[in-house]
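Only one structure is covered here, and it is reproduced in the block below.
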Amino acid sequence: MSSLFRKVLYLSVLFMFGMLVAFFLRTPDVLREMENDSMPLSKAMKSDTTGYERATGPTDFSFPEDHGAHPTFKTEWWYYTGNVIGTDGRRFGFQLTFFRSALSPMVGISDDPESDWISDQLYMAHFSMSDVENETFYASERFSRGSLGLAGAEGIPYRIWLDDWSAEQVSEASFFPIRLIASEGDVSLDLVVDEGKPAVYQGDRGYDQKGDDPGNASYYYSFTRLPVDGTISIGEERFVVSGQAWKDHEWSTSALGEAEVGWDWFSLQLSDGRDLMVYSLRQNDGSESRHAVGMVHDENGTSRRLNVGEYTIETNANWTSPKSGITYPSRWTLSIPSESVELEITPRIPNQELNVTIQYWEGAVSVEGISNGSPVTGSGFVELTGYQPN
């Protein structure tokens, strides 16, 4: 395929994505926001949901099928994040995420036997790297349609891909290990994620309610502590690394209620073997939604749900992006009295903002504090969405 054809194809996909968003949101404001490189998350998550399947209550997960796509739901994502350290002691954070968006509530309605180009599924992927030593953050984004083998998501065998970025099981015999591959410009990763703790079903047995209205919810499970090793390359430097990864898989049709604008999400891996996930759903008036929940996953693999009121997240500092002008929280204290937990959470580098279609901050953090009455350290990731320029 020629370089010129690739450029034309890529521009065509970008145009299709812009038209898709405009169709979903049915407002001319979207195109103006796309021209400014980003749009508010609250608009992207509150588009027309007529005809799509909704998450309305706990479900029985079926694996390995549920590791793949759920095309009757409007939105889905597969998140891989992690903190790794090289044999020379150099630290990195990484994110490789694949998003699926349905163009139609009727699966297959756009299929045309005379054209292999038509698809009712659109894919987007984000790849980021935090070089802690150099305080440098790299982020990139890709789009493609779910046709011609350009992008897709399969549960048997497990494979999520967009172009040459992929998360794919290594052996035909088992789901783990999973190989992550991504490269953009001078930055690349080739990592193998192995089996760790068993899956955690977030919310109520995997049903994660996020708004007052029926169906404002997702199906959501996580693998909270996965050993990872492989290589990272930046420019001409190549690093052999190892560490811990976290995988989230979530699908929904309408995840935010009318009063909600975004969330602050924390995934933390502590040195005593405990893993924590908490998030705060923010409303239009700045208050916290009652639907925010959390989870404690013990070193032996058992988990407990945390409800609103069982934990507090206090912001201790802020950081303003020179690129977007958005001010984000930048250091936090997380307290969970029922678990004897009080943690200080600090970004490994301040600037981990992704200036992509939907602008957000997501990056590697370090942790220190008290867990079960004893000193503890740790690593993790924080995601901040729905913030707007000052």
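The values are calculated or read from the model by the stated rules, or taken from the named source; none is laboratory data. Computed from a prediction, not measured in an experiment: that's the story for all the values here. Here Cβ is always computed from backbone atoms with ideal geometry, including for glycine, and neighbour counts include all displayed protein chains.
Per-structure values
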{"item": "Complete set of residues in the range 199-228 that are over 19 Å from the mean Cα position of the chain (by Cα), closer than 18 Å to residue 250 by Cα and outside any strand (DSSP E or B)", "result": "205, 211, 214, 215"}
{"item": "Residues that are crowded, with 22+ Cβ neighbours inside 10 Å and either hydroxyl-bearing (Ser, Thr, Tyr) or touching a His at 6+ places or on another chain (Cβ under 9 Å) (or both), drawn from the range 281-301", "result": "281"}
{"item": "Selected residue (only one of 236, 168 is charged (D, E, K, R) and touching a Lys or Arg at 6+ places or on another chain (Cβ under 8 Å))", "result": "168"}
{"item": "Filter result for the condition that a residue is more than 16 Å from residue 67 (Cβ to Cβ) and surrounded by fewer than 21 Cβ atoms within 10 Å (Cβ to Cβ), over 237, 260", "result": "237"}
{"item": "One residue from 153, 173 being farther than 22 Å from residue 355 by Cα, out of contact with any helix residue (DSSP H, G or I) (no Cβ under 7 Å at 6 or more places or on another chain), small (Gly, Ala, Ser) and surrounded by 21 or more Cβ atoms within 10 Å (Cβ to Cβ)", "result": "153"}
{"item": "Count of the range 350-369 residues which are closer than 19 Å to residue 316 by Cβ and surrounded by fewer than 20 Cβ atoms within 10 Å (Cβ to Cβ)", "result": "5"}
{"item": "Number of the exception - residue 86 against (1) modelled with pLDDT of 95 or more; (2) surrounded by fewer than 22 Cβ atoms within 10 Å (Cβ to Cβ); (3) small (Gly, Ala, Ser); (4) farther than 22 Å from residue 240 by Cα", "result": "(4)"}
{"item": "Qualifying strands (runs of 3 or more DSSP E) (wholly inside the range 297-390; at least 1 residues being over 18 Å from the mean Cα position of the chain (by Cα) and at pLDDT 95 or above)", "result": "312-320, 327-336, 341-347, 360-371, 374-384"}
{"item": "Test: residue in the range 117-133 that is without any contact (Cβ under 8 Å) to a residue 40 or more places away in the chain, surrounded by fewer than 20 Cβ atoms within 10 Å (Cβ to Cβ) and among the aromatic types (Phe, Trp, Tyr)", "result": "yes"}
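Conditions (1) modelled with pLDDT under 90; (2) farther than 26 Å from residue 368 by Cα, marked per residue:
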{"site": "210", "(1), (2)": "yes, yes"}
{"site": "265", "(1), (2)": "no, no"}
{"site": "277", "(1), (2)": "no, no"}
{"site": "292", "(1), (2)": "yes, no"}
